[in-house]
Amino acid sequence: MKRAKKIILISHCILNQNSVVKPYARKQEEFLKFLQNKILNNYGIIQLPCPELTIHGLKRWGHVKDQFEHPGFLEESKKLLFPILNQIENYLKNGYEIDGIYGISGSPSCGVNTTCRADWEGEASCYESLEDIKSRVKLVSEKGIFMEVLESLLKEKNISLNFYDVDEWSEKID
Ligand code: SF4
């Protein structure tokens, strides 16, 4: 069979909800319609690495974007993304179409249109209560840190790709 030469890139947890910070794992089938649509249309699927699982492990606390905005996290994100960037470059040079990069709305790392911010730092005991901690979180209209790094690495190579949040894309085909 002739290959379709069509590719998408997706956040790691779209295929592996085991990587998600507790208690936010969803049923894997929530992504079925999206994945089925892409597979039936003969797209190849590249799974991005999960930066939070790689850098902070399975027992990590939930974070906000502000906590990842430091040189160490940025450097580790770049290291994780270099092999992906090489693949993207290679596919594009060989005439493959990259339909887009699909992230996770609200994630401090992989959000595309929305991410979460808060002035969190230190021990939870620094705050008045759990409610105080939660009330500081704001959803803002910007990319998560990992998607920002990916976008800037692509820009350095003059590559422009579309970014989507998978949920917003899925709503369009309901
Ligand atoms: S960091 Fe990204 S890939 Fe990992 S669990 Fe969060 S949204 Fe999913």
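The values are calculated or read from the model by the stated rules, or taken from the named source; none is laboratory data. This one's a predicted model, so the numbers in the text were calculated from it and none came from an experiment. When we count neighbours, we look across all protein chains shown, and the Cβ atoms used for this are built from the backbone with ideal geometry, even at glycine. Remember, those area values only see protein heavy atoms, side chains included, never the ligands or the DNA or RNA. Shrake-Rupley method; radii C 1.70, N 1.55, O 1.52, S 1.80 Å.
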Problem - DSSP H segments from the chain that extend 18 Å or more along their own axis, Cα-based, with Kyte-Doolittle mean of 0.0 or above - result: none
Practice task
Return the calculated 222 nm mean residue ellipticity for the chain, to the nearest 500 deg cm²/dmol, obtained by summing -39500 (n - 2.57) across DSSP H runs with n ≥ 4 and dividing by the residue count.
Solution key: -11000 deg cm²/dmol
Handout entry: Counted charge near E89, where neighbours are those whose Cβ lies closer than 12 Å (Asp, Glu -1; Lys, Arg +1)
Key = +1
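Within the chain, what whole-number % of the accessible surface is contributed by carbon and sulfur, with the 1.4 Å probe and all protein chains included in the calculation?
Numbers: 5180 of 10240 Å².
The nonpolar share, carbon plus sulfur, comes to 51 percent.
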Handout entry: Percent of C-alpha pairs per 5 Å bin, the range 127-166, short to long
Key = 6, 17, 19, 16, 11, 11, 9, 7, 4, 1
Fill in the blank from the handout: Ordering 90-97, 77-84 by per-residue average of other C-beta atoms within 10 angstrom, highest first, gives 77-84, 90-97
Exercise for the section: Just tell me which lysines come within less than 20 Å, Cα to Cα, of K134; anything on the same chain fewer than 8 places away is out. Expected result: K22, K59, K65
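If you count the DSSP beta bridges with both ends in the chain, what percent of them are antiparallel, to the nearest 5? Each step should come with its number before you reach the end.
Working: 3 of 15 bridges.
Antiparallel bridges make up about 20 percent of those DSSP assigns within the chain.
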Practice task
Name the aspartates and glutamates eligible as straight-distance cross-link partners of K2: C-alpha to C-alpha under 17 Å, and not fewer than 8 places from it in the same chain.
Solution key: E97
Problem - Qualifying lysines (Cα of each under 23 Å from Cα of K33; at least 8 residues distant if same chain) - result: K5, K6, K172
Fill in the blank from the handout: Taking every C-alpha to C-alpha distance in the range 6-172 and binning by 5 Å from 0, the per-bin percentages run 1, 8, 17, 21, 20, 15, 9, 4, 2, 1, 0, 0
Completion exercise
Note to self: with every protein chain in place and a 1.4 Å probe, the chain gives an accessible area per residue in Å² of 59
Problem - Peptides 104-116, 11-23, 35-47, 126-138 ordered by average Cβ neighbours within 10 Å, highest first - result: 104-116, 11-23, 35-47, 126-138
Handout entry: Calculated FRET value between K6 and E128, using beta carbons and R₀ = 45 Å, to 0.05
Key = 0.30
Practice task
Take the range 1-102, drop everything but the C-alpha atoms, weight them equally and run the Debye formula without solvent; then report log10 I(q)/I(0) at 0.10, 0.17, 0.19 Å⁻¹ to two decimals.
Solution key: -0.35, -0.91, -1.05
